[in-house]
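First comes the structure, then the notes that go with it.
The values are calculated or read from the model by the stated rules, or taken from the named source; none is laboratory data. Worth saying up front: this structure is predicted, and the values here are computed from it rather than measured. Counting neighbours? That spans all protein chains shown, and the Cβs are built from the backbone with ideal geometry, glycine included. Protein only, heavy atoms only, side chains kept; ligands, DNA and RNA dropped before computing areas. Shrake-Rupley method; radii C 1.70, N 1.55, O 1.52, S 1.80 Å.
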Amino acid sequence: MMRAFVETAAAPALDIDGVRSDFPALHQQAHGKPLVYLDNAATTQKPRAVIDAVQGFYERDCANVHRGVHLLSQRATVAYESSRTAIKAHIGAHDSREIVFTRGTTEAINLVAASFARPRIKPGDEILISAMEHHSNIVPWQLLCGETGAKLRVIPIDDQGEIILEEYERLLTDRTRIVGFVHVSNALGTVNPVHKMIELAHDKGIPVLLDGAQAIPHMSIDVQELDCDFYAFSAHKAYGPTGVGVLYGKRSHLLDMVPYQGGGDMILSVTFEETLYNEPPHRFEAGTPNIEGAIGLAAALSYIGELGLDRIANHENALLEEAEHRVAELPGVRLIGQPEHRAGALSFVFDKVHPHDVGTILDTEGIAVRAGHHCAQPLMLRYGVSATVRASFAVYNTHAEIDALVRGLKRVSEVFG
Ligand code: C6P
């Protein structure tokens, strides 16, 4: 069956050899074979532009931010705050003060749970998430439910890996205090109908948090157009450094949120009797931030912008379409999830071979995939498996690498008879 993939505008094709030459790590061997890196949903490789931006900070501008009157501190502060402005532009936020730097998607979601939701939740209230969430959009809410007596409700999905919208509508009640779901599933590749889902929640006055960890490298995001209340993502899945990410929050929400952690930079003044808190976003950035991470993230988004998200999506969609088709044809292999709109990832299982064995054999062929539960154990349970093999794609992957993947999977079948 032909599927519709993420819709993109027509755009001239990318020079993929040129793109690959930007990524030093791609040009190495793994177990004596050319590296085929198909674990991009876990983390992407980094282009030279990002490596140089991080190195440049350490070589020239290394100082703390918002604290020093000296030149280096001023340069570091300008670079850090310019990154915030670049991120604001990349995701279409209204104001750079809506961009909070975090350690990643996980911390961004925990921040919303702790600082936005906790003060608003009472026993009997409900928090709504979907059946395809990553653990980082499940466990923070379970912790909150444990503290407050609220209940976690889960939107079911169908076998294709799509949210059942009628069930979603039914679960949006006058007890629902917040809805949180993935924009793109890390384990299925499903692109959720987020516009519709946000609209349905807003019709009932319910705020929406989107987990954009797997969307940010693959599609253009406009938070104002989406009208989401919060949007979380990590830099490292979008060609940026590890240990840094973003929480976008509507300014009106951030102004109304209690601090997340206490410490330096999040205060205006402190006495032993009383502390006055800084304005957002600094209110939520206690302590010395990941300065080089923020600078590297801005470099990554600028790199994506130069390639063009339309051209990235066109290339990745062609890869996904071919990979889905060819993997599904292999005897004894079953796709897990066949969503109508897919981005990034393809999950599958062998009838008779454990995903870890598949991953290990592929590794000996130089092919990196993820085999496991992908931090989505409830989703695995939904499909009656403990794990899947996941091939996930980035802009630098090639059709020749799909040939290598398919050859590797045929080898798995030979080894296991
Ligand atoms: N998924 C994967 O291999 P952090 O770890 O905070 O950068 O991102 C967490 C996270 C949240 N939501 C989604 C949809 C994700 O995919 C991830 C990270 C990786 O699928 C590592 S488990």
Problem set entry | Computed magnitude of the charge dipole of the range 36-167 (debye, nearest 20; Cβ of K, R +1, Cβ of D, E -1) | 820 debye
Problem set entry | Surrounding net charge for Ala53, when Lys and Arg each add one and Asp and Glu each subtract one, Cβ distance under 14 Å | -2
Seminar exercise, completed: Between the modelled labels at Glu340 and Leu143 (7 Å from Cα along Cα→Cβ) the distance in nm is 3.7 nm
Problem set entry | the range 146-202, Rg to Rh (Cα coordinates; Rh as Kirkwood inverse mean 1/r) | 0.98
For this session: Quick one: go through the range 140-181 and flag any residue whose amide nitrogen is under 12 Å from the point 7 Å out along the Cα-to-Cβ line of Ala328.
Result: 160
Exercise. Of Arg103, Arg120, which has the most accessible area and how do the rest follow, probe 1.4 Å?
Worked result: Arg103, Arg120
Exercise. By a straight-distance test (C-alpha under 21 Å), which lysines pair with Lys88 as possible cross-link partners, with residues fewer than eight away in the same chain excluded?
Worked result: Lys237, Lys250
For this session: Express in Å², to the nearest 10, the accessible area of Thr105 obtained by rolling a 1.4 Å probe over the protein heavy atoms while all chains stay in place.
Result: 10 Å²
Exercise. Any idea which of Ala63, Met257, Tyr168 is furthest toward the positive side of the dipole for the chain, if Lys and Arg beta-carbons carry +1 and Asp and Glu beta-carbons -1?
Worked result: Ala63
For this session: Would you tell me the accessible area of Phe284, worked out with a 1.4 angstrom probe on the heavy atoms of the protein chains, in Å² to the nearest 10?
Result: 10 Å²
Problem set entry | Shape of the range 304-352, Cα gyration tensor, a/c cut at 1.5 | prolate
Seminar exercise, completed: Heavy-atom accessible area of the range 286-370 with neighbours in place, 1.4 angstrom probe: carbon+sulfur share in percent works out to 48 percent
Seminar exercise, completed: Over the chain, the sum of -39500 (n - 2.57) across DSSP H runs of at least four, divided by residue number and rounded to 500 deg cm²/dmol, gives at 222 nm -11000 deg cm²/dmol
For this session: Could you tell me which of rounded, prolate or oblate describes the range 229-369, using a ≥ b ≥ c as the square roots of the eigenvalues of the alpha-carbon gyration tensor, with rounded for a/c under 1.5 and, failing that, prolate when a/b is larger than b/c and oblate otherwise?
Result: prolate
Seminar exercise, completed: Ranking His354, His31, His134, His374 from most to least accessible area with a 1.4 Å probe gives His31, His354, His134, His374
Problem set entry | Label point distance in nm, Ser21-Cys62, each placed 7 Å from Cα along Cα→Cβ | 3.2 nm
Seminar exercise, completed: With the 8 Å Cα cutoff and a minimum separation of six or more residues, the chain has a relative contact order in percent of 24 percent
Exercise. With point charges of +1 on the Cβ of Lys and Arg and -1 on the Cβ of Asp and Glu, referenced to the Cα centre of the chain, which listed residue (Val395, Ile336, Met197) lies farthest in the positive direction of the dipole?
Worked result: Ile336
Exercise. In terms of solvent-accessible area of protein heavy atoms at a 1.4 angstrom probe, what is the ranking of Leu172, Leu309, highest value first?
Worked result: Leu309, Leu172
Problem set entry | Leading residue at positive end of dipole, the range 66-188 (Cβ point charges), from Ile99, Asn186, Ser130 | Ile99
For this session: With +1 on each Lys and Arg Cβ and -1 on each Asp and Glu Cβ, and nothing else charged, work out how big the dipole of the chain is about its Cα centre, in Debye to the nearest 20.
Result: 660 debye
Problem set entry | Carbon/sulfur fraction of accessible area - the range 164-263, other protein chains in place, 1.4 Å, % | 47 percent
For this session: Take the solvent-accessible surface of the protein heavy atoms, probe 1.4 Å, and return the percent of it on the range 1-129 that carbon and sulfur atoms account for.
Result: 56 percent
For this session: With a cut-off of at most 14 other beta carbons within 10 Å, and DSSP calling the residue loop, which GluC sites (Glu not before Pro) in the range 216-309 qualify? Please list them.
Result: Glu273, Glu274
Exercise. Based on the alpha-carbon gyration tensor of the range 174-310 and its eigenvalue square roots a ≥ b ≥ c, which shape applies: rounded if a/c is under 1.5, prolate if not and a/b is larger than b/c, or oblate?
Worked result: oblate
For this session: Leaving out ligands and nucleic acids, note down the accessible area per residue over the chain with a 1.4 angstrom probe, in whole Å².
Result: 41 Å²
